[in-house]
Amino acid sequence: MTFAEIIQADKPVLVDFFAEWCGPCKMMAPVLKQVKDEVQEQATIIKIDIDKNPQTAAAYQVNAVPTLIMFKNGQVLWRQSGLVSKAELVKKIKEHY
């Protein structure tokens, strides 16, 4: 499945744009796992390494990492750069499913 196909889903898709060298990105990883455990199948959570996927990062103007973008039906519903709490992410996902 391509990135374009994944973000067309009719449930929220949370995309974590990250980089291996990014300290805050490493701090987001366990938070995203907790979010996934809580929302289960109600949302898809994927990670995109900006160094391995520069064209995708550029297409969404990702200039800082981590940047989280939530899609549904191919539309951007929400985006934020920097660390985001589990509670805020779960709340944002629940607003859109």
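Points 7 angstrom from Cα along the Cβ direction at ASP51 and GLN75: gap in nanometres?
Placing both labels 7 Å along Cα→Cβ, they lie 3.6 nm apart.
When every alpha-carbon pair in the chain is counted, what percent end up more than 18 Å apart? Let's see the in-between values first.
Details: 1841 of 4656 pairs.
When all Cα pairs of the chain are counted, 40 percent exceed 18 Å.
Could you tell me how far the Cα centroid of the range 20-53 sits from the Cα centroid of the range 69-97, in Å?
12
Mind checking which aspartates and glutamates have their C-alpha under 14 Å from LYS94, skipping anything on the same chain fewer than 8 residues away?
ASP10, ASP37, GLU38, GLU41
Along Cα→Cβ, 7 Å out, is where each label goes; now give me the distance between the ones at ALA4 and LEU83 in nm to one decimal.
The two pseudo-label positions are separated by 3.7 nm.
State, to one decimal in nm, how far the label point of LYS26 lies from the label point of ALA59, with both points 7 Å from Cα in the Cβ direction.
For LYS26 paired with ALA59, the spin-label model returns 3.0 nm.
Among TYR60, TYR97, which comes first, then next, by fewest other beta-carbon atoms within 10 Å?
Values: TYR60 17, TYR97 12.
Result, fewest neighbours first: TYR97, TYR60.
None of the figures in this text is laboratory data; all of them are computed from the coordinates on show. What you see is a predicted model, and the numbers here were worked out from it, not measured in a lab. Here Cβ is always computed from backbone atoms with ideal geometry, including for glycine, and neighbour counts include all displayed protein chains.
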